[in-house]
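What follows draws every value from the coordinates through simple rules; no lab data is involved. Note that the structure is predicted; figures quoted are calculated from it, not measured. Virtual Cβ from ideal backbone geometry, glycine too; neighbours counted across all protein chains shown.
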Amino acid sequence: MKFIHMSDIHLSRPGRLVEGLDPHARLAQALSHMTQHHADASHLVITGDLTHFGEPEAYAAVRDALEGFPIPVRLMMGNHDKRAPFVQAFPDVPQAPQGFVHYAEDLPAGRFVYCDTTEPETHQGHFCEARVAWLDQQLAGAETAFVFFHHNPLHLGDPATDELSIRDQDQPALHAVLKRHKSTVRHLFFGHVHEPLCGTLAGIPFSGVPSTMHQVIPDLNSASLSGSAPLEPSYRVVLLRGEDIVIHQIPFAYDGEIIWHGNGFDDWA
């Protein structure tokens, strides 16, 4: 099975730049690249920050950009998103009774669980008791699961970034659920951090995907500010092959020269 993971597209009201970049042009580039090279993907998961300011016009732009896209799309909320205009633009995305935009689906490779980690007016992630109970229920009914968050569910060792992770008081209960279902959960995916990341949480592999916009430059020293720059954007192609998981980072915006080599030993001389 093959799917695509993309995050933090940060669409604005059309015509408005974000951090000096045009998010609409970036998204169009990414979707065009996927259509050309990975149209056989089962689906595309966008793990939040669909918009930068949460305007209804920005959600309408997301909807318009995805109209006619040949790959099924799964949308999630991020800290820059707002529930009311999101739900208005995408009424078919499932919601829980508490208003959380979280849901799960069973696909050939296993259960895909899309978690809502947002609360209004804060960039920090939240995972309250109701969300913990919901995730526990989703994992209890699965043999194999892949779990998606917007916020990073653990501290990463970058003090500025860690202030914006799922908040400290919510991490223990979330980690306890993940540990309880450690034999079920194959991988954790998230966005939010705007940088390529990989590691393990209690032995469960995780990966964080760069943004289609600006990228964060990690500073592992104590800092109250996060640095970012218009570095190369990318998305991820994930290959699920039996017991194996392979993740490719795809730099979709590079337009420079590509040098092609054959695979013979002398071809590299």
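Annotation: extensible slack from Glu129 through Glu232 equals 33.3 nm (criterion: 0.36 nm per residue apart, minus Cα-Cα distance).
For region 158-225, trypsin sites (Lys or Arg not before Pro) meeting the loop criterion (DSSP other than H, G, I, E, B) and having at most 14 other Cβ atoms within 10 Å: Lys182. Among beta bridges from DSSP that stay inside region 1-105, the antiparallel ones total about 10%. Derived scalar couplings between HN and Hα for region 100-115 equal 5, 8, 9, 6, 9, 8, 9, 10, x, 7, x, 8, 9, 10, 10, 9 Hz in order, rounded to whole Hz, by the Karplus curve 6.51 cos²θ - 1.76 cosθ + 1.60 (θ = phi - 60°), x for Gly and Pro.
Based on Cα contacts under 8 Å between residues 6+ apart, region 2-257 shows a relative contact order of 20 percent. Computed from backbone phi, the HN-Hα couplings of region 194-205 come to 6, 7, x, 9, 7, x, 9, 10, 6, x, 8, x Hz, rounded to whole numbers (Karplus: 6.51 cos²θ - 1.76 cosθ + 1.60, θ = phi - 60°; Gly and Pro given as x).
In order along region 246-262, phi translates into HN-Hα couplings of 10, 10, 9, 8, 10, x, 7, 9, 5, 10, x, 6, 10, 9, 9, 10, x Hz, rounded to whole numbers, per the Karplus curve 6.51 cos²θ - 1.76 cosθ + 1.60 with θ = phi - 60° and x for Gly and Pro. Beta bridges assigned by DSSP with both partners in the chain are antiparallel in approximately 55 percent of cases. Distance between the C-alpha centres of region 35-79 and region 143-221: 21 Å, rounded to the whole angstrom. In this structure, the amide hydrogen of Leu201, modeled 1.01 Å from its nitrogen in the peptide plane, lies closer than 5 angstrom to those of Phe206, counting only residues at least 5 positions away or on a different chain. Here each label is just a point 7 Å from Cα along the line to Cβ, and for Phe265 and His248 those points are 2.7 nm apart. Annotation: amide H-H contacts under 5 Å for Ala223 (H modelled 1.01 Å from N, sequence separation of 5 or more, or interchain): Ala160.
Dividing the summed -39500 (n - 2.57) terms of all DSSP H runs of n ≥ 4 by the residue count of the chain sets its mean residue ellipticity at 222 nm at -6500 deg cm²/dmol. Each of Thr51, Val216, Val73 was placed along the dipole of region 2-257 (beta-carbon charges, centred on the mean Cα), and the one lying farthest toward the positive end is Val73. Around the amide H of Val73, modelled in the peptide plane, lie the amide H atoms of Leu44, all under 5 Å away and 5 or more residues distant in sequence or on another chain.
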